[in-house]
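Colleague: Shown below is the structure under consideration.
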Amino acid sequence: MAKIIIYGSKGRMGQVVIACAESTDGFEVIDTIDIGDNLASVIAGCDAVIDFSFHEATPKAAALCAEHEKALIIGTTGHTDEEKADILKHQSEIPIVWASNYSTGVNTLFWLTRKAADILGPDYDLEIVEMHHRHKVDAPSGTATTLGEILLDVRNQQKDAFRHGREGITGERTDEEIGMHSLRGGDVVGDHTVIFATGGERLELTHKAGSRDTFARGALRAARFLTTAGPGLYDMQAVLGLGNT
């Protein structure tokens, strides 16, 4: 039985993770904590903390997990470089799963995107389009950013290749740029499309999430994975056994 604490319990994802954990064998939610609550007062009794709070709170959660030797699953996005550094310094002390998206389908999309970029080569123009609900506060989404980082890695390019939207007389598209477009509206859980376009054809890889349950189940799967993992930084590719092959 994995004993877990849900951090960010009052948010949309926190509520879904609680519900899924309570209906899934092998998990016990020993406490639910939100920003402003005292995580330190309850952390000793858990095996892992699942964090869907806010990016500013994650470094402190990571420090507490390291202090108490607890596993950490990070579901927050939008971290600054300083926040990322504060979190990553604990990867040698505790097992951490850090993913921009915990959906099994999305992580399959990550794998397929890398394979497609490898196969199609440099002659295809790359564009990423994501859409989320009107309440999402950061853009692009963490998932879109990960998709972009995969494309940058395959093409050996830097982040200045990203083109965040277009307006006015932009000139012709360059071969190097990777378009990144964020749409917001309604109650969309999360849609992501990677477009590979060249003369005569276009390939689109799309994932659409219809329920947040898919993310919650993935986070729980990550928590189960960490019960037997040593200290280190893991992503959902590792949890699912996909790797980069």
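Colleague: Whole-Å semi-axes of region 41-154's equivalent ellipsoid, largest first, each the root of 5 times a Cα gyration tensor eigenvalue?
Modeller: Values: eigenvalues 187, 49, 32 Å².
Three semi-axes, in Å: 31, 16, 13.
Colleague: Just check region 110-245 against the gyration tensor rule for me: Cα atoms, a ≥ b ≥ c as the square roots of the eigenvalues, rounded for a/c under 1.5, and otherwise prolate or oblate depending on whether a/b exceeds b/c. List each step's numbers first, then the result.
Modeller: Numbers: a/c = 2.12, a/b = 1.41, b/c = 1.51.
It is oblate, given that a/c is not under 1.5 and a/b is not larger than b/c.
Colleague: Let me check something: with ligands and nucleic acids excluded, how do 164, 79 order by accessible area (1.4 Å probe), largest to smallest? Walk me through the numbers on the way to the answer.
Modeller: Numbers: 164 115, 79 25 Å².
Sorted descending by solvent-accessible area, the residues read 164, 79.
Colleague: Here's something else I'd like to know. From the Cα gyration tensor of region 33-98, with a ≥ b ≥ c the square roots of its eigenvalues, which class applies: rounded if a/c is under 1.5, or else prolate if a/b is larger than b/c, or else oblate?
Modeller: Numbers: a/c = 1.74, a/b = 1.19, b/c = 1.46.
Oblate is the answer for region 33-98, as a/c is 1.5 or above yet b/c matches or exceeds a/b.
Colleague: Apply the Karplus parameterisation 6.51 cos²θ - 1.76 cosθ + 1.60, with θ equal to phi minus 60°, to every residue of region 25-42 and state each ³J(HN,Hα) to the nearest whole Hz, in sequence, with x for glycine and proline.
Modeller: Values, residue by residue: 5, x, 10, 10, 7, 8, 6, 10, 10, 10, 4, x, 7, 9, 4, 4, 6, 10 Hz.
Colleague: To the nearest 10 degrees, how steep is helix 213-226 against the longest Cα principal axis of the chain, on a 0 to 90 scale?
Modeller: 60
Colleague: What figure, in Å² to the nearest 10, do you get for the accessible area of residue 12 with a 1.4 Å probe and non-protein molecules left out?
Modeller: 120
Colleague: In µm²/s, what is D for region 107-185 at 10 °C and 1.306 mPa s, where D = kT/(6 pi eta Rh) by Stokes-Einstein and Rh is the Kirkwood radius from Cα pairs?
Modeller: On the way: Rh = 13.4 Å.
Result for D is 119 µm²/s.
Colleague: Rounded to the nearest 5, what % of the DSSP beta bridges within the chain are antiparallel ones? Please list the in-between numbers first.
Modeller: Values: 16 of 46 bridges.
For the chain, the DSSP antiparallel bridge percentage is about 35.
Colleague: May I pose another question? Can you give the extra length, in nm with one decimal, that the chain gains between residue 169 and residue 85 once fully stretched, where that is 0.36 nm per residue apart less the Cα-Cα distance?
Modeller: Working: separation 84, 0.36 × 84 = 30.24 nm, distance 3.85 nm.
Net length gain for the segment: 26.4 nm.
Colleague: Right, something else. Please report the relative contact order for the chain, taking Cα pairs under 8 Å with a sequence separation of at least 6, and give it as a percent rounded to a whole number. Don't skip to the answer; put the middle values down first.
Modeller: Details: 453 pairs, mean separation 55.3, N = 245.
In percent, rounded to a whole number, it is 23.
Colleague: Can you list residues whose amide H is under 5 Å from residue 234's amide H, if they're 5+ apart or on another chain and H is modeled 1.01 Å from N?
Modeller: 96, 97, 98
Colleague: Okay, moving on. Once the mean 1/r over all distinct Cα pairs of the chain is inverted, what Kirkwood radius in angstroms do you read off? It would help to have the intermediate numbers written out before the result.
Modeller: Values: mean 1/r = 0.0531 Å⁻¹.
For the chain, the Kirkwood estimate is 18.8 Å.
Colleague: If R0 is 22 Å, what FRET efficiency do you get for residue 233 and residue 34 from their C-beta distance, rounded to 0.05?
Modeller: Numbers: r = 26 Å, r/R0 = 1.17.
According to the calculation, E is roughly 0.30.
Colleague: If you don't mind, another one. Apply the Karplus parameterisation 6.51 cos²θ - 1.76 cosθ + 1.60, with θ equal to phi minus 60°, to every residue of region 120-129 and state each ³J(HN,Hα) to the nearest whole Hz, in sequence, with x for glycine and proline.
Modeller: 6, x, x, 7, 10, 6, 10, 9, 10, 10
Colleague: Just to confirm my numbers, what's the Cα centroid distance between region 1-59 and region 177-245 in Å?
Modeller: One Cα centre to the other: 22 Å.
Colleague: Right, something else. How much accessible area does residue 17 have with a 1.4 Å probe, in Å² rounded to the nearest 10?
Modeller: Number for this one is 0 Å².
Colleague: Something else about it: What does the accessible area of residue 10 come to, in Å² to the nearest 10, when a probe of 1.4 Å is used?
Modeller: 150
The values are calculated or read from the model by the stated rules, or taken from the named source; none is laboratory data. These numbers come from a predicted model, not from an experiment. A quick note on method: Cβ atoms are made from the backbone with ideal geometry, for glycine too, and the neighbour counts reach across all protein chains shown. Quick note on the areas: whole protein, heavy atoms, side chains included, nothing else; ligands and nucleic acids left out. Shrake-Rupley method; radii C 1.70, N 1.55, O 1.52, S 1.80 Å.
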